[in-house]
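Structure first, commentary second.
What follows is calculated from the coordinates using simple rules that are stated; it is not laboratory data. Values in this document were obtained by computation on a predicted structure and should not be read as measured data. Neighbour counts are summed over all protein chains in view; Cβ atoms, including those assigned to glycine, are modelled from backbone coordinates with ideal geometry.
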Amino acid sequence: MEDVPEPDLHDGSVLVEAIAVGVCGTDVEIVEGHYGWAPPGKTRLVLGHESLGRVVDPGPTGGLNKGDLVVGIVRRPDPVPCPNCAVGEWDMCRNGQYTERGIKQIDGFMSEHWRIEPEYTMKVDRSLGLLGVLLEPMTVVTKAWEQVIAVGQRAFWEPRTVLVTGQGRSAFWRRSLECSTAWRSTFSTAPSQDTNPS
């Protein structure tokens, strides 16, 4: 751990005080050195792509107010852009030139304060409270469901069962989405890597 300077205005006009940051398998891979890229010119990356914060200064543009709960959008489109980024489908970037907060070339949200551009800020209903930090992983699962349905609608298709693989929060969120459909779920999880049962 190390001290980082207060966020600079060039990072975004909205100043946010961190409330919570989720830690997932991606963060573990980054800490272990298997994944992740520091911002250009830096040797370290501030982690944290699952965020929840409170607006301290909404900046000059409208839409946000001091005290609003917000979540930062993680991915930024390819600046070229590729065909998918050009139509707003950044998560389907074809050439890999996107950047991501806390993962790829942009510092994340795991600091006392962070700045963000208003167009990459999602206002969160206060009733969610700390659960707002789970918005990012839920959007990943939601996008996967949208793609399954989009592919299925290309032809006659009446799914009844879905196989969910893996474990952890993403599997939990997939299960939650399935409960809102008429699909029956079957789970397959990897065996524990822990060989010491004590």
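Hey, what do the phi angles of segment 81-91 turn into as Karplus ³J(HN,Hα) couplings, whole Hz, using 6.51/-1.76/1.60 and θ = phi - 60°, x for Gly and Pro?
x, 6, x, 6, 4, 5, 10, x, 9, 4, 6
Once segment 9-133 is represented by equal point scatterers at the alpha-carbon sites, with solvent omitted, what log10 I(q)/I(0) does the Debye formula produce at q = 0.16, 0.18 Å⁻¹?
Evaluating at q = 0.16, 0.18 Å⁻¹ gives log10 I(q)/I(0) of -0.81, -1.00.
Extension gain Asp3-Thr61, at 0.36 nm per residue separation less the Cα-Cα distance, in nm? Mind showing how you got there, number by number?
Working: separation 58, 0.36 × 58 = 20.88 nm, distance 2.97 nm.
Going from the current span to full extension adds 17.9 nm.
Could you give the length gained on full extension between Glu158 and Val87, defined as 0.36 nm per residue of separation minus the Cα-Cα distance, in nm? Working shown, then result.
Details: separation 71, 0.36 × 71 = 25.56 nm, distance 2.95 nm.
Between Glu158 and Val87, full extension yields an extra 22.6 nm.
Counting Lys and Arg as +1 and Asp and Glu as -1, what is the net charge of the other residues whose Cβ lies under 15 Å from the Cβ of Arg75?
Details: positive: Arg76, Arg94, Arg101, Lys104, Lys143; negative: Glu50, Asp78, Glu89, Asp91, Glu100, Asp107, Glu117, Glu119, Glu136.
With Lys, Arg at +1 and Asp, Glu at -1, the net is -4.
For segment 9-133, what does the relative contact order come out to in percent, with C-alpha contacts under 8 Å and a separation of six or more?
Values: 266 pairs, mean separation 45.8, N = 125.
Taking the mean separation of contacting Cα pairs over the length of segment 9-133, I get 37 percent.
Trypsin sites (Lys or Arg not before Pro) within segment 95-166: which are DSSP loop residues with at most 12 other Cβ atoms inside 10 Å?
Numbers: sites: Arg101, Lys104, Arg115, Lys123, Arg126, Lys143, Arg154, Arg160; in loops: Arg154, Arg160.
Hits after loop and neighbour filter: Arg154, Arg160.
Once phi is turned into ³J(HN,Hα) by the Karplus curve 6.51 cos²θ - 1.76 cosθ + 1.60 with θ = phi - 60°, what whole-Hz value does each residue of segment 24-37 show in order, with x for glycine and proline?
After applying 6.51 cos²θ - 1.76 cosθ + 1.60, I find 10, x, 4, 4, 4, 4, 5, 4, 6, x, 8, 7, x, 9 Hz.
So for the pair Asp125, Ile149, with labels modelled 7 Å out along Cα→Cβ, what separation do we get in nm?
With each label point 7 Å from Cα toward Cβ, the separation is 1.8 nm.
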